[in-house]
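Read-outs throughout are calculated quantities, based only on the coordinates presented, and are distinct from any laboratory measurement. None of the values given here were measured: they were computed from a predicted structure. Note: ideal-geometry Cβ built from the backbone for every residue, glycine included; neighbour counts use all protein chains shown.
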């Protein structure tokens, strides 16, 4: 199947997504005409207070970045995505639904707790969003810490969905998180839940609520105490 453009409805307006897989779960939700994880997106917009700066770590093909940028109209939206498989789709989808806040300087990069190189490993075409970044000295994907890459920036809304690397990403974002007063929405694998709560507590964040869609992971929401 080659790339096709599909219409998606959201909060009274129409978006266009380039999709190229007939079996990928996220793409099939979008193909049905609605945003992926719409309940979570609506919850975020209810909880966050007019964010001006949004960071989307694990942007995949642009679902969350597009919804949040157009729904909340911030001054800055930074999508971060390392997976070469989806980068053409991400760039195409952001371009088709452009918002002036988009900063694409970290498209093609992965975040962790140290610099390096990596490769992406996927569980299969049916779950491209489940692709995981793995450190590999011979890899071609540049890995940086969020604190290095963001250079003193602060954010009002931070979404992290990195397929089990959430603890490394948070560690590498520690200074950014500490200076931000953000709503933090992070997908956590169940074995990493306690570590994630403790990490963010040290940075001044308090667990507010959770939203669980799948058995293997849970979405946790934090805010500054």
**OP:** Mind grabbing the base-10 log of I(q)/I(0) for the stretch 105-202 at q = 0.12, 0.13, 0.18, 0.21 Å⁻¹? Debye formula, identical points on the C-alpha positions, no solvent, two decimal places.
**Re:** -0.39, -0.46, -0.87, -1.15
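What list do you get for 214, 109, 205 if you sort them by fewest beta carbons within 10 Å? Don't skip to the end; give the middle numbers.
Details: 214 9, 109 17, 205 25.
Going from least to most buried by this count: 214, 109, 205.
Give the average over all directions of the projected area of the C-alpha convex hull of the stretch 5-83, one decimal, in nm². Intermediate results must be reported in sequence, preceding the final value.
Working: hull surface 21.1 nm².
With the hull built on Cα positions only, its mean projection is 5.3 nm².
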Original post:
Among rounded, prolate and oblate, which fits the chain when a ≥ b ≥ c are the square roots of the eigenvalues of its C-alpha gyration tensor, a/c under 1.5 means rounded, and a/b larger than b/c means prolate?
Top reply: rounded
Original post:
Any number yet on Rg/Rh for the stretch 59-101, C-alpha, Kirkwood?
Top reply: 0.95
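Quick one: pull the percentage of alpha-carbon pairs in the stretch 79-140 with a separation above 14 Å.
On the way: 1148 of 1891 pairs.
Value for the stretch 79-140 (Cα pairs over 14 Å): 61 percent.
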